[in-house]
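Student: Sharing a structure below in structure tokens format, with a few things to ask.
The values are calculated or read from the model by the stated rules, or taken from the named source; none is laboratory data. These figures come from a predicted structure and were not determined experimentally. Using ideal geometry, Cβ is built from the backbone for each residue, glycine included, and neighbour counts are taken over all protein chains shown. Surface accessibility is based on the protein's heavy atoms, side chains included, excluding ligands, DNA and RNA. Shrake-Rupley method; radii C 1.70, N 1.55, O 1.52, S 1.80 Å.
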Amino acid sequence: MMQDTISLAISELKALLGDRLSTGQSVREIHGRDEAYSEPALPDAVAFPESTEEVSAIMKICSAHKIPVVPFGIGTSLEGHVIPIHGGISVDTSRMNKVLEIHESDLDAVVQPGVTRTQLNDDLRATGLMFTVDPGADATLGGMASTRASGTNTVRYGTMRENVLALEVVLPDGRVINTGSRARKSSAGYDLTHLFVGSEGTLGIITELTLRLFGRPDTELSATCAFKTIDDAVNTVITAIQMGLPMARIELLDEVQMKGMNIFNPGLNLPEKPHLFLEFHGSEAGVKEQVDLFESVAEEFGVSGFDWATKLEDRERLWQARHNAYYAGKSLRKGCEGVVTDCCVPISALADCIARTKELIAESGLIAPIVGHVGDGNYHLLILIDPDNADEMARAKQLASDVNRTALSFGGTVTGEHGVGTGKKKYMMEEHGEAYLFMAQLKQSIDPLNIMNPGKLVSVN
């Protein structure tokens, strides 16, 4: 009966979209996995809409037949968000990739969800403006809003939560709503924009975003510096933050990750010690003052010298290496897969939390490099395993669980930016308590048929 229903829905979607509705095996396989190591599951078909009207029509068809729908951006998520664990239709927004409006005077832009962050910044280049949220992957902006993404610039410019002003969303029954406006503040009603930011496709499909922009700084200066211990590096960051130093980027890479960085990036040749990757933004005089203050703080914790990148190409090479940290980590073990996890704690608890994490890694007997957006207390593990070794997989999952519960014990959260998906769902009640049950009530109210990315983030009856 279910298969007959899916066949009927696919027939109706085919009539709507023509060859932009695919049931081909290779296309379905692409939409049945994400960037990390997660159990794949194929959708029954993949839709490629080109407009809000088409997304609305898709949702009306799927709602009528009670068919699951999973929004798909570019597939760079890390916790199983886009994997259609109950089959159904994967809605790929990659063809909705237009930058619709750029308002230079108001520092905002209106884009479709399939626009990537680098595409938007390329379009902004001539304006002197920039969009600042930069997760490692060149993700779509719709996907970034859905997972409440952040990145290396977060410590100064904020996450998607702070940088999405308004949304256009197609609800599960096909209705189209607009949340927010281009105004920078409002007291008019519920904050629906931020209900959908971070909802991971469980409440609707984002079809348009209004985003905050920033002016490009006059001066940008990047650097790396090494420390003897993780504690020294982290305490340098904590002191700098407490002093109010306006860092643009402060990234931590432990000694294990640095070994992978040198393997994956020929010519990098940095010491295999804990490192900070830094960037300073502002006027020439302001940047010089920031650098002088940071150097004085770092010297108190035994920094072993700075390697400065002043030219644009050198800065881009440095940050591209940081963004490729996932692949650099995997280069430490040939043929491995990576079980990834992230957590976030109050900045004052960061050193102790990472120290406990290092103990847990040693106890597991696995290789697990650490990288982190330490300016906001967020760090990541890439746990390297042989995917065919059941014992290693079990140990990796236990290590991830122990790290997440350690973060909770320090007053933190089980995910600072990867999101929940299926991978972090089991910790949600522990973190949120009664509020998690309220999330399920919201989900059931907006999506009573439970067709929007079912099985992710929250559970409903």
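Student: So if I take the centroid of the Cα atoms in the range 148-170 and the same for the range 337-376, what is the distance between those two points in Å?
Tutor: 24 Å
Student: Quick one: Cα centre-to-centre distance for the range 300-327 and the range 210-284, in angstrom?
Tutor: Cα centroid of the range 300-327 versus Cα centroid of the range 210-284: 7 Å apart.
Student: Going through the DSSP H helices of the chain, which span 15 Å or more along their own axis at the Cα atoms while scoring at least -1.0 as a mean Kyte-Doolittle hydropathy?
Tutor: The qualifying helices are 2-17, 52-65, 230-242, 284-300, 350-364, 390-409, 434-446.
Student: Testing the spin-label approximation: label points 7 Å from Cα along Cα→Cβ at ALA183 and GLU363. State their distance in nm.
Tutor: It is 5.3 nm.
Student: Rounded, prolate or oblate: pick one for the range 381-461, where a ≥ b ≥ c are the square roots of the eigenvalues of its C-alpha gyration tensor, a/c under 1.5 means rounded, and failing that, prolate if a/b is larger than b/c, else oblate.
Tutor: Working: a/c = 2.96, a/b = 1.60, b/c = 1.85.
Note, shape of the range 381-461 comes out oblate.
Student: Write down the accessible area per residue of the chain in Å², having rolled a 1.4 Å probe over the full set of protein chains.
Tutor: Working: 19150 Å² over 461 residues.
With the other protein chains kept in place, the chain gives 42 Å² per residue.
Student: Please state the shape class of the range 414-461: rounded when a/c is under 1.5, otherwise prolate if a/b exceeds b/c and oblate if not, all from the C-alpha gyration tensor.
Tutor: Judged from the Cα gyration tensor, the range 414-461 comes out oblate (a/c at least 1.5, b/c at or above a/b).
Student: For the chain, what % of the accessible area comes from carbon and sulfur atoms, probe 1.4 Å?
Tutor: Values: 9590 of 19150 Å².
Solvent-exposed carbon and sulfur of the chain make up 50 percent of the total.
Student: Then there is this: Would you mind giving the average projected area, over all directions, of the Cα convex hull of the range 52-173 in nm² with one decimal?
Tutor: 7.9 nm²
Student: List the lysines whose Cα lies under 17 Å from the Cα of LYS60, skipping any in the same chain that are fewer than 8 positions away.
Tutor: LYS14
Student: Something else now. Could you name the aspartates and glutamates in cross-link range of LYS259, using Cα to Cα under 18 Å and dropping any fewer than eight places away on the same chain?
Tutor: GLU251, GLU272, ASP307, GLU337
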